[in-house]
Amino acid sequence: MQQKIDAQQVRKVAKLARLDLTEAEIEEFTGQLGAILQYVEKMNELETAEVEPLAHCLPIHNVFRADQVRESLGTEKTLANAPERDGAFFKVPKILEDSSS
Amino acid sequence: MPVHDLTAMELRDRIAAGQVSSVEATRAVLDRIDRLDPVVGAYLSILPERALETAKEVDRKIAAGEPVGTLAGVPIAIKDVLCTSFGTTTCGSRILQNFHSPYDATVVRKLLDADAIIVGKTNMDEFAMGSSTENSGLRKTVNPWDTSRVPGGSSGGSTAAMAARMCFAALGSDTGGSIRQPASFCGVVGLKPTYGRVSRYGLVAYGSSLDQIGPIAGTVADAALLLSVIAGHDPADSTSVDEKAAPAGDYLAGLNEPVEGLKIGIASAFNAGAEPAIQKAIGEAVDDYREAGAEIVEVDMPHLDYAIAAYYVIATAEASSNLARYDGVHYGYRSENANDYIEVYTKSREEAFGKEVKRRIMLGTYALSSGYYDAYYLKALKVRNLIRGDFVRAFERCDCLMMPAAPTTAFQIGEKVDDPLKMYLADIYTVAVNLAGIPGISIPCGFDAAGLPIGLQILTPAFSEAKLLRIARMYEARTNWHTRKPVGLE
């Protein structure tokens, strides 16, 4: 049986998903995701060329409201759960390289 | 009868009549939690001071003759996937272990407006991903009927709390069976409303096109009472159905009127996948309806066998997108080992998410990634349409479908944790309902040889919860399964 997914692909997907998986997890997930994908391919037994994809089970439509100023959470409540903050800002490690270095 | 054995309706009526105080009922629940929850593990947090204070206020209002809400004084448990502006909202995850929501979910607000007493927040599979509550990152919950077994999941904390009478009713959420399956495992009533019936505002998202909040209760009437409180359009949730299209109602009105000329659809081949004891119990329940005058029609639902495959692609795809928000920046856990901003994301997520959550994020990311989108995600959406078609055709011939809520009764703790696919396959009777968006209920319909509860699942077309509840009540009125209680726990 051909493997559905290999460790190389699992590493790539982990990078896309922003997960710093351990080597042990990569190995474990390679096997498990392979088995799940193998099962999922059961769907290929069904002929669906003429079937519309259904993303949502109810007829949904755009919902509009008047563009009015309303009360929002405010800075303190919004920042209350911040892992790190600096005044009215969320604080994260430096994103841009220091141009002088 | 001790206070904790009253139904939510009975308690509410006695509190309103001044026969029992809300403080007394709340104390009874808190005492039971103190005594039983070290074993059961249903709650992630309890809110004793707040609960007693609110109960005292309800008692004062009643004594003063002031108007009170429809759940006045009734202690209720909330699955910890629902945001509360008090206490923590953890989702059973270490990534949200210390998260304090700045706002209340709409359903929480509605319960509080109805003067309910929120006693605590219940355990769950992390981010509602699981069928046994074993994926909780924070606590282990056991089944009150047999403490070596799982309560089901992901709303296993709410159903275990209900079964052990550590609340009078509870809220859960159901993305692929997370209310109905644990309700069947714990011998209680669990209702998943139609998608759009109840506002999802403040429900931490897992699979946004599938998620729905619903009641967990000891009786059908209590589920109807809770649904009456939480249903209805909410401007804060654009997918909640507007009142003109499908008005919410008082689900208690007419609840005891049997449905005349009831036609029950059975998909025999599909139902045959359950354990013999479950097939037998479902068969006997259907016979009971027949005796009550119902007609049974055989329906063909050829695409239900593909529901698990489609569900696990769609749900994980939506999850991979929804859970991108846990990045260690705005709230939740942040790794102390991050050297740059990318590592804030990758290490925070790696260190604080549990295995099943990572697995589902990986699966969903893969299914949406370039080169695989058509083969997996698009294909699954097409299969979803075929599954919905099965229900549409079936409901042309019958009022409701009946099937098991799960292929087995509660399984042993640890039995399936090492084999995720095996765990997924146990969702065979529940996931199609979420893909089709229709309502479903699980009600107690018997026990297996080991004394474990069995659930009868009943399904009706979209937005017909009133009829669904009436059909469920027809059976409950003729049986006494719902009055049985776990033994040996006390």
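The values are calculated or read from the model by the stated rules, or taken from the named source; none is laboratory data. Note that the structure is a prediction, hence the values are computed from the model and not measured. Cβ: placed from backbone, ideal geometry, glycine included. Neighbour counts: every protein chain shown.
Residues checked against (1) in a loop (DSSP other than H, G, I, E, B); (2) touching a Pro at 6+ places or on another chain (Cβ under 9 Å); (3) at pLDDT 95 or above:
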| position | (1), (2), (3) |
| --- | --- |
| B:84 | yes, no, yes |
| B:95 | no, no, yes |
| B:107 | no, no, yes |
| B:111 | no, no, yes |
| B:136 | yes, no, yes |
| B:141 | yes, yes, yes |
| B:167 | yes, yes, yes |
Practice task
State whether one or more residues within segment B:71-94 are surrounded by fewer than 24 Cβ atoms within 10 Å (Cβ to Cβ), in contact with a helix residue (DSSP H, G or I) (Cβ under 7 Å, 6 or more places away or on another chain) and farther than 26 Å from residue B:205 by Cα.
Solution key: yes
Exercise for the section: Mind listing just one residue for me: the one in segment B:348-398 that is in contact with a Pro (Cβ under 9 Å, 6 or more places away or on another chain) and over 26 Å from residue B:131 (Cα atoms) and, of those, nearest to the other protein chains (Cβ to nearest Cβ)? Expected result: B:392
Practice task
Give just the number: which of (1) under 16 Å from residue B:274 (Cβ atoms); (2) assigned to a loop (DSSP other than H, G, I, E, B) does residue B:402 not satisfy?
Solution key: (2)
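Taking the condition in contact with a Cys (Cβ under 8 Å, 6 or more places away or on another chain) and part of a helix (DSSP H, G or I), does residue B:435 pass?
Values: in contact with a Cys (Cβ under 8 Å, 6 or more places away or on another chain): yes; part of a helix (DSSP H, G or I): yes.
In short, yes.
Quick grid of which residues meet (1) part of a helix (DSSP H, G or I); (2) in contact with a strand residue (DSSP E or B) (Cβ under 9 Å, 6 or more places away or on another chain); (3) touching a residue at least 12 places away in the same chain (Cβ under 8 Å):
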site	(1), (2), (3)
B:15	yes, no, yes
B:20	no, no, yes
B:37	yes, yes, yes
B:70	no, no, yes
B:73	no, yes, yes
Exercise for the section: Consider only pairs whose beta carbons are under 8 Å apart and that are at least six residues apart or on different chains; among these, list those whose first residue lies in segment B:384-404 and is among the acidic types (Asp, Glu) and whose second residue is buried (at least 24 other Cβ atoms within 10 Å of the Cβ) and assigned to a loop (DSSP other than H, G, I, E, B). Expected result: B:399/B:460
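So in segment A:1-48, with the set limited to residues that are assigned to a loop (DSSP other than H, G, I, E, B), at pLDDT 95 or above and surrounded by fewer than 14 Cβ atoms within 10 Å (Cβ to Cβ), which one is farthest from the chain's Cα centre (by Cα)? Outline the logic, then answer.
The first filter runs over segment A:1-48 and keeps only residues assigned to a loop (DSSP other than H, G, I, E, B), leaving A:1-6, A:17-22, A:46-48.
In the following step, the residues that additionally are at pLDDT 95 or above were identified as A:6, A:17-22, A:46-48.
Checking the rest, the ones that are also surrounded by fewer than 14 Cβ atoms within 10 Å (Cβ to Cβ) come to A:6, A:22, A:47.
Values: A:6: 21, A:22: 19, A:47: 29 Å.
Taking the candidates together, the pick is A:47.
Looking only at segment B:373-422, filter to residues that are among the hydroxyl-bearing types (Ser, Thr, Tyr) and touching an Asp or Glu at 6+ places or on another chain (Cβ under 6 Å); which one of those is nearest to residue B:445 (Cα to Cα)? Show your work before the answer.
Initially, segment B:373-422 is screened for residues among the hydroxyl-bearing types (Ser, Thr, Tyr), giving B:373, B:376-377, B:408-409.
Going one step further and asking which of them are touching an Asp or Glu at 6+ places or on another chain (Cβ under 6 Å), we end up with B:408-409.
On the way: B:408: 14, B:409: 12 Å.
The qualifying residue nearest to residue B:445 (Cα to Cα) is B:409.
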Exercise for the section: Output the number of residues of segment B:438-467 satisfying the condition of being surrounded by fewer than 24 Cβ atoms within 10 Å (Cβ to Cβ) and not hydrophobic (A, V, I, L, M, F, W, C). Expected result: 6
Problem - Of residues in segment B:226-250 being in contact with a Lys or Arg (Cβ under 9 Å, 6 or more places away or on another chain) and under 12 Å from residue B:464 (Cα atoms), the one nearest to the other protein chains (Cβ to nearest Cβ) - result: B:246
Problem - Test: residue in segment B:52-59 that is modelled with pLDDT of 95 or more, surrounded by fewer than 24 Cβ atoms within 10 Å (Cβ to Cβ) and assigned to a loop (DSSP other than H, G, I, E, B) - result: no
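Which residues, taken from segment B:340-394, are out of contact with any Gly (no Cβ under 7 Å at 6 or more places or on another chain) and outside any helix (DSSP H, G or I)? Don't jump to the end; show me each part of the working.
At the first step, the residues of segment B:340-394 found to be out of contact with any Gly (no Cβ under 7 Å at 6 or more places or on another chain) are B:340-343, B:346-347, B:349-353, B:355, B:357-393.
Result: B:340, B:353, B:369, B:370, B:371, B:372, B:373.
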Handout entry: Of all residues in segment B:258-271 being in a loop (DSSP other than H, G, I, E, B) and within 16 Å of residue B:458 (Cβ to Cβ), the one that is farthest from the other protein chains (Cβ to nearest Cβ)
Key = B:258
Handout entry: Pick from segment B:418-432, criterion more than 21 Å from the chain's Cα centre (by Cα) and not in a helix (DSSP H, G or I), ranking: farthest from residue B:387 (Cα to Cα)
Key = B:418
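Out of all the residues in segment B:307-337, which are of a type in the set (A, V, I, L, M, F, W, C) and closer than 28 Å to residue B:102 by Cα? Even if it seems obvious, please write down each step before you answer.
Keep residues of segment B:307-337 that are of a type in the set (A, V, I, L, M, F, W, C), which gives B:307-310, B:313-315, B:317, B:319, B:323-324, B:329.
Residues satisfying the conditions are B:315, B:317, B:319, B:323, B:324, B:329.
Return the residue satisfying two criteria in turn: it lies in segment B:278-305 and is part of a helix (DSSP H, G or I) and within 14 Å of another protein chain (Cβ to nearest Cβ), and of such residues it is surrounded by the most Cβ atoms within 10 Å (Cβ to Cβ). Give the steps one after another, and end with the answer.
Looking only at segment B:278-305, we keep the residues that are part of a helix (DSSP H, G or I), and these are B:278-291, B:304-305.
Next cut, within 14 Å of another protein chain (Cβ to nearest Cβ) only: B:304-305.
Numbers: B:304: 25, B:305: 17.
Among residues in segment B:278-305 that are part of a helix (DSSP H, G or I) and within 14 Å of another protein chain (Cβ to nearest Cβ), the one surrounded by the most Cβ atoms within 10 Å (Cβ to Cβ) is B:304.
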Handout entry: Verdict on residue B:33 being among the hydrophobic types (A, V, I, L, M, F, W, C), within 22 Å of the chain's Cα centre (by Cα), crowded, with 19+ Cβ neighbours inside 10 Å and part of a strand (DSSP E or B)
Key = no
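Can you tell me which residue among B:290, B:349, B:325 is of a type in the set (Lys, Arg) and over 28 Å from the mean Cα position of the chain (by Cα)? Quick ask: steps written out before the conclusion?
Numbers: B:349 fails: over 28 Å from the mean Cα position of the chain (by Cα); B:325 fails: over 28 Å from the mean Cα position of the chain (by Cα).
From the options B:290, B:349, B:325, the qualifying one is B:290.
Under the condition of being under 26 Å from the mean Cα position of the chain (by Cα) and either at pLDDT below 90 or not in a loop (DSSP other than H, G, I, E, B) (or both), which residue from segment A:74-92 is surrounded by the fewest Cβ atoms within 10 Å (Cβ to Cβ)?
Going through segment A:74-92, the residues under 26 Å from the mean Cα position of the chain (by Cα) turn out to be A:77-85, A:89-92.
So of that shortlist, the ones also either at pLDDT below 90 or not in a loop (DSSP other than H, G, I, E, B) (or both) come out as A:77-79, A:85, A:89-90.
On the way: A:77: 14, A:78: 15, A:79: 19, A:85: 13, A:89: 11, A:90: 14.
Filtering first and then ranking leaves A:89.
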Fill in the blank from the handout: Subset of segment B:391-410, residues surrounded by fewer than 21 Cβ atoms within 10 Å (Cβ to Cβ) and among the acidic types (Asp, Glu), comes to B:396
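Out of segment B:306-335, which residues are crowded, with 18+ Cβ neighbours inside 10 Å, outside any loop (DSSP other than H, G, I, E, B) and more than 7 Å from chain A (Cβ to nearest Cβ)? Steps first, answer last, please.
Here is the first cut: in segment B:306-335, the ones crowded, with 18+ Cβ neighbours inside 10 Å are B:306-320, B:322-323, B:326-329, B:331-335.
Next cut, outside any loop (DSSP other than H, G, I, E, B) only: B:306-320, B:322-323.
Result: B:307, B:308, B:311, B:314, B:315, B:316, B:317, B:318, B:319, B:322, B:323.
Look at segment B:336-378 and say how many of its residues are in contact with a Lys or Arg (Cβ under 7 Å, 6 or more places away or on another chain) and either closer than 14 Å to residue A:21 by Cβ or surrounded by fewer than 16 Cβ atoms within 10 Å (Cβ to Cβ) (or both). Outline the logic, then answer.
Pass one, segment B:336-378, residues in contact with a Lys or Arg (Cβ under 7 Å, 6 or more places away or on another chain): B:337-338, B:344-346, B:348-349, B:352.
Right, trim to either closer than 14 Å to residue A:21 by Cβ or surrounded by fewer than 16 Cβ atoms within 10 Å (Cβ to Cβ) (or both) and you get B:337, B:345-346, B:348-349, B:352.
Qualifying residue count, segment B:336-378: 6.
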